[in-house]
1. Once Rh is set to the Kirkwood radius over Cα pairs, what Stokes-Einstein translational diffusion coefficient, in µm²/s, holds for region 117-218 at a temperature of 37 °C and a viscosity of 0.692 mPa s?
2. Counting only protein chains, not ligands or nucleic acids, how are ASP24, ASP103 ordered by accessible area (probe 1.4 Å), most first?
3. Quick one: pull the percentage of alpha-carbon pairs in region 172-218 with a separation above 13 Å.
4. Expressed as a fraction of 2.2 N^0.38 Å, the rule-of-thumb size for a compact globular protein of N residues, what is the C-alpha radius of gyration of region 43-117?
5. Give me the percent of accessible area attributable to carbon and sulfur for the chain, probe 1.4 angstrom.
6. Once you have the alpha carbon radius of gyration of region 90-172, what is it after dividing by 2.2 N^0.38 Å, with N set to its residue count?
7. Say we join alpha carbon atoms closer than 10 Å with springs in a Gaussian network model of the chain; which of GLU27, GLU85, GLU160 then has the biggest fluctuation?
8. Can you tell me the order of 165-171, 133-139 when each peptide is scored by its average per-residue count of other Cβ atoms within 10 angstrom, highest first?
Amino acid sequence: MTEPQLAAMPDDWTRALAVVAHPDDLEYGCAAAVAGWTDAGKKVTYLLASRGEAGIDTIEPAVCGPLREREQRASAAVVGVSAVEFPGHRDGMIEYGTALRRDIAAAIRRHRPELIVTLNHRDTWGTGPGAPWNTPDHRAVGRAALDAAADAGNRWIFPELAAEQGLAPWDGVRWVAVAASATPTHAVDATAGLERSVRSLLEHRSYIEALTDRTPED
């Protein structure tokens, strides 16, 4: 049986904010679309809740965090993204709650995106027996991104963002796209950005080398 064709992602927007938990989360699937968007003149900003400092067993967090931040900035630059922000939540222990929602809402007010991109926030990757369990960080950040899209537009939620940081409410988020969803409805033709997305992933060399005995290029 032929799978139904997914609808094309809307493209009548100018600014997007991609919100994920760790360095490399966007490079496994989203970077090719981002490359196409920036080629078309759209502004994309990355917000990574943590620096991924707990992601490499052989490198202590104090060293690993700055290393992975540098690799993420280089990775983003390959696909045309120059603004990369790290609010500094602790890798592996990111908690869903008001602190996380506030940081994401602040970024939404600051960058005023029409589109938010985040990662699968469900309990598992895929559905059915044997579906791999998702990580707490992914679940927390994905859920908080969905909620912060509304928080950012409500002047009575996190009023300190306006009073202390001058961040006025922004209710212009029109879409939230969830990458790696088990129930996808829309898709982006990533052909034009595919080669650059691979180069973008290769910038995470330290992380890839920790995962395999093969060269990152292989």
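1. Working: Rh = 17.0 Å.
Result for D is 193 µm²/s.
2. Numbers: ASP24 10, ASP103 50 Å².
In descending accessible area the options line up as ASP103, ASP24.
3. 70 percent
4. Working: Rg = 13.2 Å, N = 75, 2.2 N^0.38 = 11.3 Å.
Ratio of Cα Rg to 2.2 N^0.38 Å: 1.16.
5. Numbers: 5880 of 11260 Å².
C and S fraction of accessible area: 52 percent.
6. Numbers: Rg = 14.4 Å, N = 83, 2.2 N^0.38 = 11.8 Å.
Compactness ratio reported: 1.22.
7. Highest fluctuation among the options: GLU160.
8. On the way: 165-171: 14.4, 133-139: 17.6.
So the order, starting with the most tightly packed, is 133-139, 165-171.
The values are calculated or read from the model by the stated rules, or taken from the named source; none is laboratory data. Since the model is a prediction, treat every value here as computed from it, not as a measurement. We place every Cβ from the backbone using ideal geometry, glycine too, and count neighbours over all the protein chains shown. These area figures cover heavy atoms from the full protein model, side chains too; ligands, DNA and RNA do not enter into them. Shrake-Rupley method; radii C 1.70, N 1.55, O 1.52, S 1.80 Å.
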